[in-house]
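Step one of this worksheet: look at the structure below.
Every number here is computed from the coordinates shown, using simple stated rules; none is lab data. Being a predicted model, the structure only gives us computed values, none of them experimental. Here Cβ is always computed from backbone atoms with ideal geometry, including for glycine, and neighbour counts include all displayed protein chains.
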Amino acid sequence: MKISKMLKIFIPLFVFFSVSTFISILIFTSAIDKSATTINLQAEYKQIGFDILNSLDRLTRLAVSYSQSGQKSYYDEYLYEFYAVNTKGKTITQLKELGLAEDELAMIYRVMGYSNELAEIEVKAFKAVENGNFEQARRLLFGEKYNDRRHKITTTIKDFQTSVNNQAEIEVNRSREVFLRMFIITIILVSLTIMTAIASFVIIANKIKAIYRLTEIAKEVTNGDLNISIMSDAKDELGDLTRSFGVMLDTIKSITTDLTYIARTDTLTQVANRHSFLSHAPSFFDFHTRADNPVTLLFFDIDDFKNINDNYGHSFGDDVLKNFAKVVSDLIRSFDLFCRYGGEEFILLLANTDQERGVCVAERIMKSLEEAVFPERPDFKYTTSIGIYSAIPQRGETVQDYIDKADLVMYLAKKKGKNRIEIYKEKKD
């Protein structure tokens, strides 16, 4: 999968799961809070009902005590309970602040109405006590109407508490269902988010590994190691990059090979150039020095080459150079060293070859030159002068020593009439 497509899939998925998880957790915690709030409200409502009943009992007890004894302290305490504490008004305020439903609030209003009727009876009983009519006061406080209102208050309060309990239970059950549902959804979303994160991490880690491998390959290429195999079956951008890198490396190899060939080859004659010859010669000499084998060096100079250029043109002169290089190349072995030394000069270094065999090679070359044919100039013939030096290399002796000696006798061949072979011979003491 392309990295761009993968990012288009995984990033929105990760964001979606993360946001969904966050929302789910909010709903989940909200359900917990709502359940706790409902339970607390239930407790508050029940407590208010108990407070109403307790207030009713205290007021009734104080009213009865006053009507029976006439003691002013009961009356004063009654008034304090009724006016100072103001339980009825306080209860309605509390219930409204807690957001009680209209049906339950209506029950409390009925309770307040019954409570007011009780208060009216109690006021009449107090007036009877002030007038000394204790019997009338007791009839009022123990009468059917007074007991009926107390019973209605108690019954309504119980109905109120039952209704509140039922509503609370419904709300708690609903919150519990939301809680369980959102808990499961939250677990699923968290799991999906974690799996998405892990999948993204694994994929990214693999991509980073591929990038690291490319970096290591680039370092190896920088250090000159071009023989590295680069393969990738990946269908993403990194796979494209790896394959492109491989193509680039192949191109570098090809260019390097071409440059190496150009650096070592004479572009006109396609044989080794002077630099290549001199770089390979030391190891060539070292081998023959250790093996105690003879080496023969032939120094060629094409005769009258300036006249060839002047009379036939430089283009034809180039053809002569190329022809000479081909003639020699066809006659020598693959392990012999042959190069264009400069201009019309060539050098041939024959491996494990003594002077006699070296002369044979030189003669075959001169014979082949006689047979050379140029289609554009059928009558044209050219020759070469050859200087030869042959010996077993000694330690400390270099190829330049051989070149200098062969060059010396090559000029001697020129002086003696050209188209001939001259052999360097060491002077005897």
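Summary table below
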item	result
Pairs of Lys in segment 369-429 closer than 26 Å at Cα, counting only those 8 or more apart or on different chains	21
Fewest-first ranking of Ser30, Ser334, using other Cβ atoms within 10 Å as the exposure measure	Ser334, Ser30
Segment 361-429: GluC sites (Glu not before Pro) falling in loop per DSSP and having at most 12 other Cβ within 10 Å	Glu371, Glu376, Glu426
Two-site label geometry, Arg290 and Lys381: point separation in nm, points 7 Å out along Cα→Cβ	4.7 nm
Within segment 308-409, trypsin sites (Lys or Arg not before Pro) in DSSP loop having at most 15 other beta-carbon neighbours inside 10 Å	Arg333, Lys381, Arg395
Two-site FRET efficiency, Ile194 against Asn173, from Cβ-Cβ distance with R₀ of 25 Å, rounded to 0.05	0.20
Cα centroid separation - segment 266-280 against segment 393-417, whole Å	19 Å
For segment 269-423: rounded, prolate or oblate by the Cα gyration tensor [a/c cutoff 1.5]	prolate
Two-site FRET efficiency, Asp404 against Glu220, from Cβ-Cβ distance with R₀ of 35 Å, rounded to 0.05	0.20
Residue exposure sequence - Thr21, Thr60, Thr398 - by fewest surrounding Cβ within 10 Å	Thr398, Thr60, Thr21
Exposure proxy order (Cβ contacts within 10 Å, fewest to most) of Thr242, Thr267	Thr267, Thr242
Net +/- balance of residues flanking Tyr424 in space, Cβ distance below 11 Å, scoring K and R +1, D and E -1	-2
